[in-house]
Amino acid sequence: MAHDADKTRRKLLDAATNEFAAHGIAGARVERIVSAAEVNSALLYRYFGSKLKLFEAVLTRLTDEVAGAVPIASEDLPAYAGALFDFHQDHPQVVRLAAWYHLERAADSLPTYVDGIWDDTISKVGSAQDKGLTTRAIPAAELAVLVVHMSLVGSDGSTVFDPGTSREVRRRALVAAVRTITEM
């Protein structure tokens, strides 16, 4: 029987996404990942090298999905924040994986691809500032961080809002807050 390497990689990435989102990097178990993917552990190490490199591959894949689904709209940061909020609401594993990364690997640099996406986001916010489309009162990097982190409010595990507050109310509050901090 022929071995489909791409299919095996996808199965491992899917299983690892769920495992890392549920247990973090340190708590994730290779045995559970390979069992869920229905492959042997040798394939995990052949394709990814280590559990940490597998986590980085998961983070890179999810970053690509977010960037593809919600490209930075620096000319309208409130709308971008709302779209990012929607994505986070619909894909809570992204929020959990980012949280685990920051808890367990914050001292490390981001994987190169993820870092490149972030640099592009900051550059586009800076360009919008240069064009007079958004405030210059906050440096581009900090403004990008604020917008992205504000879009996480009310996401998986957040206790900022009353649990009875609807998604739409949280979204409207976010968009209004981002509009307030980005106004000229």
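The values are calculated or read from the model by the stated rules, or taken from the named source; none is laboratory data. These numbers were taken from a predicted model, which means no experiment stands behind them. Glycine gets a Cβ as well: all are built from the backbone with ideal geometry, and neighbour counts include every protein chain shown.
Among (1) of a type in the set (Phe, Trp, Tyr); (2) touching a residue at least 24 places away in the same chain (Cβ under 8 Å); (3) surrounded by fewer than 20 Cβ atoms within 10 Å (Cβ to Cβ), where does Tyr45 come up short? Here Tyr45 clears every test but (2). Report yes if some residue within region 10-18 is surrounded by fewer than 14 Cβ atoms within 10 Å (Cβ to Cβ) and without any contact (Cβ under 8 Å) to a residue 24 or more places away in the chain; otherwise report no. Checking region 10-18: at least one residue is surrounded by fewer than 14 Cβ atoms within 10 Å (Cβ to Cβ) and without any contact (Cβ under 8 Å) to a residue 24 or more places away in the chain. Number of residues in region 30-67 that are assigned to a helix (DSSP H, G or I), more than 13 Å from Val114 (Cα to Cα) and of a type in the set (Gly, Ala, Ser) equals 5. Here Leu146 does not fit the description of being more than 28 Å from Ala16 (Cα to Cα), touching a Phe, Trp or Tyr at 6+ places or on another chain (Cβ under 6 Å), at pLDDT 90 or above and not polar (S, T, N, Q).
If I ask for residues that are surrounded by fewer than 16 Cβ atoms within 10 Å (Cβ to Cβ) and either in contact (Cβ under 8 Å) with a residue 40 or more places away in the chain or over 13 Å from the mean Cα position of the chain (by Cα) (or both), which ones from region 62-71 would you list? Correct list: Asp64 only. In this structure, Ala15 qualifies as under 16 Å from Ala57 (Cα atoms) and under 18 Å from the mean Cα position of the chain (by Cα). Can you confirm whether Glu104 is of a type in the set (Asp, Glu) and under 20 Å from Ala21 (Cβ atoms)? Yes, satisfied. All of Phe87, Phe20 fail the test of being touching a Leu at 6+ places or on another chain (Cβ under 9 Å) and of a type in the set (Phe, Trp, Tyr), apart from Phe20. Entry remark, region 19-29: residues being in contact with a Lys or Arg (Cβ under 9 Å, 6 or more places away or on another chain) and either among the aromatic types (Phe, Trp, Tyr) or not in a loop (DSSP other than H, G, I, E, B) (or both) number 7 in total.
Out of everything in region 72-100 that is buried (at least 21 other Cβ atoms within 10 Å of the Cβ), farther than 22 Å from Ser123 by Cβ and not aliphatic (A, V, I, L, M), what residue ends up being modelled with the lowest pLDDT? Once the filter is applied, the top-ranked residue is Trp100. In region 143-153, the residue that is surrounded by the fewest Cβ atoms within 10 Å (Cβ to Cβ) out of those that are of a type outside the set (Ser, Thr, Tyr) and within 13 Å of Leu77 (Cα to Cα) is His149. The residue of region 22-34 that is farthest from Ala106 (Cα to Cα), among those that are buried (at least 18 other Cβ atoms within 10 Å of the Cβ) and at pLDDT 95 or above, is Val34.
Across region 103-128, which residue is modelled with the highest pLDDT among those that are closer than 16 Å to Lys53 by Cα and in a helix (DSSP H, G or I)? Among residues in region 103-128 that are closer than 16 Å to Lys53 by Cα and in a helix (DSSP H, G or I), the one modelled with the highest pLDDT is Glu104.
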